[in-house]
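Just below is one structure, and these are the notes that go with it.
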Ligand SMILES: NC(=O)c1ccc[n+]([C@@H]2O[C@H](COP(=O)([O-])OP(=O)(O)OC[C@H]3O[C@@H](n4cnc5c(N)ncnc54)[C@H](OP(=O)(O)O)[C@@H]3O)[C@@H](O)[C@H]2O)c1
């Protein structure tokens, strides 16, 4: 399988390492400002060169370098992602992306989603968004559980996860802030909450045959009671060590779907409780499932890399993870 890696940030580099292990051939890599002209083996810490240099000129690659699929790992925003992905589609390339807003943009970006779907069908390629959330823990996983129910009345999926990796790359924004600072940051849009809940809520609602009337959001900062020392950051007691974001999908005023994400830097069990995803389905029967042990950055990359083959083989159009078969990892082919 020949892959073009689009985006060589933290997750793009992890994808390069994972694809090297699985025996996928990365034939080109597209960056923006960082790592231009550097070998992707060097930047991803493989310890050996792969003979492919990062280019900032997507046009020099798309349609010019022979490939089966683009592994897209840049940004969240659908309009930006649309501008990056449409030339890939135009060039006849399948795309597997981790953009949260691409996961199910039908209700949130209807016009552009339809255009992308039309273009993908006309070029006979697949575009699909995957990842951990959206892409697995708040949608595919609970829906798989719900497939053992005769009826679902409501669903609640709450994730509490270690976000030390986020604190490392974006620590100046969400972590180590004073409470008023954090609250002002969320209100003025400087501090992002979890992306992709609207798309995930609509995806799950549609799968259950529901149409949400509205979505309400609720958030709060988490304040550390202790000193948290990360590799490149320090969070003092009284500063923010995380956040909780809850998004609720309503029908006739009733909370039908509740998604929550708590992201904590350097979790302290006595302060932050148990890590994991807690799924509660009310219906016939009621089912409760706890998933523990998944790793958000690695899981996101694994979901994408494991889905590359399925993305190439799927029917053309703009699809969601619900359209792809289950894609467990292939065995490693090399020990890098
Ligand atoms: N679905 C999920 O579960 C999930 C989970 C986690 C993350 N994500 C998504 O994954 C994305 C990447 O995460 P990350 O941790 O790797 O972020 P990151 O370290 O910030 O890397 C993103 C990279 O994309 C590059 N980029 C942005 N726009 C580009 C463009 N037009 N052309 C080429 N390169 C471009 C940036 O280049 P420069 O540095 O040169 O500007 C940066 O290197 C996030 O933004 C988020 O949308 C999804």
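Given a Förster radius of 41 Å and the C-beta distance between residue 254 and residue 227 as r, what FRET efficiency does 1/(1 + (r/R0)^6) yield to the nearest 0.05?
Using R0 = 41 Å, I get an efficiency of 0.40.
Given Cα pairs under 8 Å that are at least 6 residues apart, what percent is the relative contact order of region 140-293?
Relative contact order comes out at 36 percent.
So for each of 68-77, 35-44 I average, over its residues, the number of other beta carbons within 10 Å; can you give me the resulting order with the highest mean first?
Highest to lowest by the protection proxy: 68-77, 35-44.
Spin-label point model (7 Å from Cα, Cβ direction): what's the residue 122 to residue 83 distance in nm?
For residue 122 paired with residue 83, the spin-label model returns 2.1 nm.
Order of 235, 287, 16 from fewest to most other C-beta atoms within 10 Å?
Ordered from fewest to most neighbouring Cβ atoms within 10 Å, 235, 287, 16 come out as 287, 235, 16.
From the convex hull of the Cα coordinates of region 140-293, what is the mean projected area in square nanometres?
9.6 nm²
Going highest first, how would you order 129-140, 319-330 by mean Cβ packing within 10 Å?
129-140, 319-330
What is the Cα centroid distance between region 229-249 and region 183-207, reported in whole angstrom?
17 Å
If you wrap a convex hull around the Cα atoms of region 12-84, how much volume per residue is inside, in Å³?
About 99 Å³ per residue, rounded to a whole number.
Please report, for the Cα atoms of the chain, the Rg to one decimal and the Dmax as a whole number; what are they, in angstrom?
Computed over the Cα atoms of the chain, radius of gyration and Dmax are 20.1, 58 Å.
Taking 0.36 nm per intervening residue step and subtracting the Cα-Cα distance, what contour gain separates residue 153 from residue 183 on full extension?
7.4 nm
With each pseudo-label sitting 7 Å past Cα toward Cβ, what's the residue 33-residue 114 distance in nm, one decimal?
3.7 nm
If all Cα-Cα distances of region 1-155 are sorted into 10 Å bins from 0 onward, what percent lands in each bin, rounded to whole numbers?
In order of increasing distance, the bins hold 11, 37, 32, 15, 5, 1 percent.
For the chain, modelled as a Gaussian network with Cα springs under 10 Å, which listed residue fluctuates most, 266, 306, 286?
Among 266, 306, 286, the largest GNM mean-square fluctuation belongs to 286.
If every alpha-carbon in region 231-311 counts as one equal scatterer, what log10 I(q)/I(0) does Debye give at q = 0.13, 0.24 1/Å?
Debye output, listed in q order: -0.68, -1.23.
Only Cα pairs under 8 Å and at least 6 apart count here; give the relative contact order of the chain as a rounded whole percent.
It rounds to 22 percent for the chain.
As a footprinting exposure proxy, order 162, 252 by other Cβ within 10 Å, with the fewest listed first.
Ordered from fewest to most neighbouring Cβ atoms within 10 Å, 162, 252 come out as 252, 162.
Within region 119-163, find all residues whose amide N lies under 17 Å from a label point positioned 7 Å from the Cα of residue 214 along Cα-to-beta-carbon.
From region 119-163, the list is empty.
Could you line up 19, 86, 155 from fewest to most neighbouring Cβ atoms inside 10 Å?
86, 19, 155
FYI, it's all coordinate maths here, none of it is from the lab. Everything quoted here is computed from the prediction, not taken from an experiment. In this analysis, Cβ positions are derived from the backbone assuming ideal geometry, glycine residues included, and neighbour counts consider all displayed protein chains.
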